[in-house]
Amino acid sequence: MEGFTSKSIHTKFLKKDAHGSLHMPVYDCVSFEFESSEAIVDAFEGKKAAHAYTRITNPTMEHFEQKIRAVTGAQAVLALSSGMAAISNLIMTLCGSGDHIICSTYLFGNTKSLLDVTLKKWGLEVSFVDLEDLDAVKAAVTDKTRMIFGETIANPQMRVIDIPNLSKIAKENDIPLVIDSTVTPPYLFDGKVHGADIEVISSTKYISGGATSVGGLIIDHGTFAWKKNIHLADLAKKVGPFALIANLRKEVYRNLGACISPHNANLQSLGLDTLALRADKSCKNTLELAKFLEGNDKIKKVNYPGLTSSPYHEISDVLFPNLPGSILTFDCESKEASFVLMNKLQMIRRSTNLNDNKTLIIHPSSTIFAEFSEEEKLEMEVTPTLLRLSVGIEDIEDIKNDLLQGLE
Ligand SMILES: *Cc1c(COP(=O)(O)O)cnc(C)c1O
């Protein structure tokens, strides 16, 4: 089986279902019983893999992880309660107080706040660097740098980073490259091929199947030798390439209680089965809308890496052979004009979130970036005239017509 969807749908259960269920049931339970006192000891000592307690593993959660492993070819996968849980758990595993991260200037707002406020209190040092400036990245490396972190396509700036070249720098310095590929999940972006050692994903977005549930993923491609991370070196001697996920499951994720619920794992597992179908439709819609908006004289600028006018068109073609996702941004003539447009829309929803089946619109500067000062917003290229459209799977003419009547 080679295809993404076939692999997702036909991922084998690790254990045969007692009733031969074709769909992995939702194991709505907290704990699991053992045959004997010896068997429970074996499970706790890690001699025999077994589910003991749902905060650590559960068959429904595990099956979702196995499906992600099947479609990505990853070494190991962990499903968590949210995208933010994935990012925070990963950082707390790879870094300690006084350690250092090199991170893109253009970031999802909550990730920026996590690094700049929450983890700063615990002594994490962060250099925010424009990852397109490879010399600046090299110059920022210290002997305490534990990861380079960036997003495939930063939104709302729609900047694409040169992952293959960042991977070279990371390798030369024995640092893992961590990529948040939320807006271009597997199927749109193959992290392993392009040199991402780890991917973190908010599966709340594309994977959930249309905004059904909150969840997150840590995907370890097995390309970074964990003996090179000071916090994982000992464990790596025992479990080699599984050290990262083992440390999470047996310590950080377990202790922080960041598990996904079995219900959400089930919804996201269903979402994964239709990801390719939905992504094909919404990405095609996005390219068509981007061209359509580019041709409208009330709109100043359209940002979508799939447009030939985009400065990222070339790298985008390399990284995202299908299409670069289903988010686009555009500038109106003024903030007022952007609000008028939003208020006139009939079908497109005024809402945050990304990669819903429904087309969503938001004014980033006054909403998702509201906690930042005007200066910070401008530094992050979040301008007052900018609108973000997360394009859904509706019929393209309906989306176009709604925007047309809104722009009249
Ligand atoms: C939404 C999002 C997150 C956070 O994910 P949650 O599931 O909402 O916690 C992280 N990174 C990016 C790029 C996102 O869009």
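The values are calculated or read from the model by the stated rules, or taken from the named source; none is laboratory data. Here the structure is a predicted model, which means the values were calculated and not measured. Positions of Cβ are generated from backbone atoms using ideal geometry, with glycine treated the same way; all protein chains shown enter the neighbour counts. For the accessible areas, the whole protein counts, side chains as well, though only heavy atoms, and no ligand, DNA or RNA atoms are used. Shrake-Rupley method; radii C 1.70, N 1.55, O 1.52, S 1.80 Å.
Give me the 1.4 Å probe accessible area per residue for the range 277-407, excluding ligands and nucleic acids, in Å². Could you put the intermediate results ahead of the total?
Numbers: 5980 Å² over 131 residues.
That works out to 46 Å² for each residue.
Cα-based radius of gyration for the range 277-407, normalised by 2.2 N^0.38 Å, reads 1.01.
On the protein heavy atoms, probe 1.4 angstrom, tell me the percent of accessible surface of the chain carried by carbon and sulfur. The partial results should precede the final answer.
Working: 9450 of 17970 Å².
Of the solvent-accessible surface of the chain, carbon and sulfur hold 53 percent.
Here the contact order of the chain, divided by its residue count and restricted to Cα pairs under 8 Å and six or more residues apart, works out to 16 percent.
Each Lys or Arg adds one and each Asp or Glu takes one away; over the other residues whose Cβ falls under 13 Å from the Cβ of Asn255, this sums to +3. Considering only Asn110, Val129, Asn165, the residue lying farthest towards the positive end of the dipole of the range 103-167 is Asn110, judged by Cα position with unit charges set on Cβ. Mean-square fluctuations from a GNM of the chain, with a 10 angstrom spring cutoff on Cα atoms, peak among Asn155, Asn322, Asn296 at Asn296. Here the extension length gained between Met342 and Glu374 equals 9.3 nm, from 0.36 nm per residue of separation less the Cα-Cα distance. One quarter of the surface of the convex hull around the alpha-carbon atoms of the chain equals 20.4 nm², the direction-averaged projected area. Sequence-ordered 3J(HN,Hα) estimates for the range 211-226 from the Karplus curve with 6.51, -1.76 and 1.60 and θ = phi - 60° stand at 6, 8, 5, 9, x, x, 9, 10, 10, 9, 7, x, 9, 10, 7, 5 Hz, glycine and proline given as x. Candidates Ile148, Val340, Tyr312 compared by Cα position along the dipole of the chain: farthest toward the positive end lies Ile148, with charges placed on Cβ. Pick out, from Thr286, Leu378, Phe34, the residue whose Cα sits farthest towards the positive end of the charge dipole of the chain, with +1 on the Cβ of Lys and Arg and -1 on the Cβ of Asp and Glu. Working it through, the farthest residue towards the positive pole turns out to be Phe34. Running a GNM on the chain with Cα contacts under 10 Å, which residue among Tyr53, Tyr187, Tyr206 ends up with the highest mean-square fluctuation? Evaluated over the chain, the most mobile residue of the options is Tyr53.
Could you list the chymotrypsin sites (Phe, Trp or Tyr not before Pro) in the range 2-37 that lie in coil according to DSSP, counting only those with at most 16 other Cβ atoms within 10 Å of their Cβ?
On the way: sites: Phe4, Phe13, Tyr27, Phe32, Phe34; in loops: Phe13, Tyr27, Phe32, Phe34.
Hits after loop and neighbour filter: Phe13, Phe32, Phe34.
Applying a length cut-off of 24 Å (Cα extent along the axis) and a mean Kyte-Doolittle floor of 0.5 to the DSSP H helices of the chain leaves no helix. If you model the range 165-289 as an ellipsoid using its alpha carbon gyration tensor, with each semi-axis the square root of five times an eigenvalue, the axes come out at 29, 20, 9 Å, biggest first. Which one of Asp180, Asp162, Asp17 has the biggest mean-square fluctuation once the chain is modelled by GNM with Cα springs under 10 Å? Its mean-square fluctuation being the largest, the pick is Asp17.
Counting DSSP beta bridges with both partners in the chain, what percentage is antiparallel, nearest 5? Beta bridges within the chain, antiparallel portion: roughly 60 percent.
Please work out the average accessible area per residue across the range 79-123, using the 1.4 Å probe convention, and give it in Å².
Numbers: 1450 Å² over 45 residues.
With all protein chains present, the range 79-123 gives 32 Å² per residue.
Across the range 2-18, coupling constants 3J(HN,Hα) worked out from phi with the 6.51/-1.76/1.60 Karplus curve, θ = phi - 60°, read 10, x, 4, 5, 4, 4, 5, 5, 9, 4, 6, 5, 6, 10, 4, 6, 4 Hz, and Gly and Pro carry x. Computed about the Cα centre, the dipole magnitude for the range 294-393 is approximately 560 debye when only Lys and Arg (+1) and Asp and Glu (-1) carry charge, each at its Cβ. The convex hull of the Cα atoms of the range 225-277, projected and averaged over all directions, covers 5.1 nm².
Hey, got the dipole for the chain? About the Cα centre, +1 on K and R Cβ, -1 on D and E Cβ, debye to the nearest 20? Working shown, then result.
Values: 42 positive and 52 negative charges, 191 e Å.
Roughly 920 debye, rounded to the nearest 20.
Quick check on the chain: helices-only [θ] at 222 nm, where DSSP H runs of length 4 and up contribute -39,500 (n - 2.57) each and the sum goes over total residues. Nearest 500, please.
Details: 17 runs with 149 residues, N = 408.
Using -39500 (n - 2.57) per qualifying helix, the result is -10000 deg cm²/dmol.
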